[in-house]
Amino acid sequence: MKNKKVCVIGLGYIGLPTATFIANAGFSVAGVDINRDAISTINDGKIHIIEPGLEELVFKATSTKNLIAYDCVQPSDIYMICVPTPFKKDSDLIEPDMSHVFDAVDKIAIHLKSGDLIILESTSPVGTSEKIENYIIDKGFKRGSFGIGYCPERVLPGKIIEEFINNDRIIGGNNIETTSTICEFYKYFTDCNLHQTNSKTAEMSKLSENSFRDVNIAFANELSILCHEEGIDVWELIRLTNHHPRVNVLQPGTGVGGHCISVDPWFIVSKSPEKTKLIKTARNVNDMKPKWVVDNILSHVEAFKSKNGRDPILALYGLTFKPNIDDLRQSPAIEVAKDLSNKNLKILVVEPNIERIDGMNAVNLNIAIEKADIHAVLVGHEEFKDPIFISKLRELNFIDYCGILQD
Ligand code: SAJ
C-alpha cells in the first residue's frame, strides 16, 4: 500500500490537512488546487489558511518532498476529492452545487486505470458515490475496474490536527472489498476506529451529524427568544436543564454560520422537501436569529435615543462565524453588522482575529469600551471573556447574545 501514489484534489481546510497527514505517513502525495497562490505558499512549506499546528506539518511534508502541490490532477493510484460543495439558491429552491466534485471526477477520469481508488470526502447528497461510479462507467470504464467510496471528514475548524487523527471515521465503499481497502489506507494516517458501511449510509451519516447539531441549536435559539419575552435568563435555564441526565441542550447565539452546519441540512431537505419539515424548520429558525438580534439591538437604540435625545454609538464585539477563528464565511455576526450599517447607525466593530475588515469601522477593545454607548457581544471570543473586560462591560449598557458571562 505504501508505494501507492495519492492525489488529493482541493487544498482547503480539509484537503490540505488530509494531504499533509498522508504525506507525513510516508506516501507520495500530489496536492491539487486551482488557487495558484495557495500552491506556491504550500510548496514553500507555508499555509494559506489559519489552523493551529498545521504549518509545521506542511513544512515537514514539503521538505521531504512527500507533498508537492500542483494546479492539475496528477496520475496516481488513489484519488481523494476534498473540494467544496456549496449550495445554490434559485428563488425558493436551495440545492447543492456539485459542479466542483464532478469537475474533479472529469479530471481524475483522464488518468484513471484499473485497480485505482476514488475516495470522496466532500459533504455530498445521498447517492453521490453511486452517481460518480455510473458517471465514470458512462465514460467507458468497466464496473468493478475501479473502487469508489465515501469517507466524510468530521473535523472541527480550529482543532483539525487533533480531530483529524482521533475522530472515528465512517467508511462506505461501493462494495465490501473497496470499503476494506479504504480502511487499510486510512489506518496509515489515523488513530481512530474505522466503521465500515455502504456509501449511501456514510453519506447520510455526515448529513445527519450536522443536521442533528443544527436542530439542537435551533431549539436553543427558539428558547432564547421565548426566555427574552418571559424575562428568564436562557443561559441559566439551559445550564439547569442540562443537569437532567438525558438532556443536553446546546447554546443559543447570534445564529448558525460557517460552511457546514448552515449548509449541509439543505442537502437532505432539497432531496425530500415533504419529508424533512423538522430539519427545514430548524434551518429557518437559525437563519432568522440574526434578524431577531438586529431588531433587539434596534430596540436598545430607540430606548437610548428617547432617554438621551441623541443617536448612540454602537459597539459590536465579534464578527466571525464562531469563537476564536478568523473565518467570516456565512457569519451571522457579519449579517447583523451589515444590516445595522444600512440603518445609518454609528457603529464600531471589534474583531481580534482579523486585522482589516473592509467597509467597517474596526477598533480595539479599549476604544470600543471608551467610545460606545451600547455594547452588543455577538461572538464569544476568548478576549471578551477576560474578567477585566467583563467587569467593565457590566458597568455599561451591554447586551450579551452568546453567553460570555456564563463560562
Ligand atoms: N453554534 C451555536 N451554538 C452551539 C454550537 C454552535 O450557535 O451550541 C454555532 C456556531 O457559533 C457556528 C455554527 O453553530 O456559527 C457552527 O459551529 P460548530 O462549531 O457547531 O460547527 P462547524 O460548522 O465549525 O463544524 C461542524 C462540526 N460538526 C458537528 O459538530 C456535528 C464538525 O465536526 C464537522 O466536521 C464540520 O461541521 C463539517 O466540516 O461538516
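What follows draws every value from the coordinates through simple rules; no lab data is involved. The structure presented is a predicted model; accordingly, all values stated were derived computationally and were not measured. Every residue, glycine among them, receives a Cβ derived from its backbone with ideal geometry; neighbour counts consider all protein chains shown.
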Report task. Percent of Cα-Cα pairs per 20 Å bin, from 0 to the last occupied bin, for the chain, please list those. Result -> 25, 51, 23, 2
Query raised in the report: If you take the square roots of the eigenvalues of the alpha-carbon gyration tensor of the range 5-192 and sort them as a ≥ b ≥ c, do you get rounded (a/c under 1.5), prolate (a/b over b/c) or oblate?
Result: rounded
Requested in this report: Evaluate the relative contact order of the range 5-192 (contact order divided by residue number), counting alpha-carbon pairs under 8 angstrom at least 6 apart; express in whole percent.
Outcome: 20 percent
Report task. Using the number of other C-beta atoms within 10 angstrom as an exposure proxy, rank His100, His111 with the fewest first. Result -> His111, His100
Query raised in the report: Separation between the Lys65 and Glu382 pseudo-spin-labels, each 7 Å from Cα along Cα→Cβ, expressed in nm?
Result: 3.9 nm
Query - Global geometry of the range 231-406, whether rounded, prolate or oblate, following the gyration tensor of its Cα atoms and the 1.5 cut on a/c - result: prolate
Query raised in the report: If you place +1 on the Cβ of every Lys and Arg and -1 on the Cβ of every Asp and Glu, how big does the dipole about the Cα centre of the chain come out, in debye to the nearest 20?
Result: 620 debye
Query raised in the report: Among Val249, Val379, Val83, which comes first, second and so on when ranked by fewest other beta-carbon atoms within 10 Å?
Result: Val249, Val83, Val379
Query raised in the report: Taking the Cα centre of each part, how many Å lie between the range 356-407 and the range 44-115?
Result: 38 Å
**Report entry** Sites matching trypsin sites (Lys or Arg not before Pro) across the range 275-369 that sit in DSSP coil, with at most 12 neighbouring C-beta atoms within 10 Å
**Finding:** Arg310, Lys343, Arg356
Query raised in the report: For the chain, what is the percent of antiparallel DSSP beta bridges, rounded to the nearest 5?
Result: 15 percent
Query - Selection from Ile182, Ser208, Phe146 lying farthest towards where the dipole of the chain points positive, charges on Cβ - result: Phe146
Query raised in the report: In percent, what relative contact order does the chain have, based on Cα pairs under 8 Å that are 6 or more apart in sequence?
Result: 11 percent
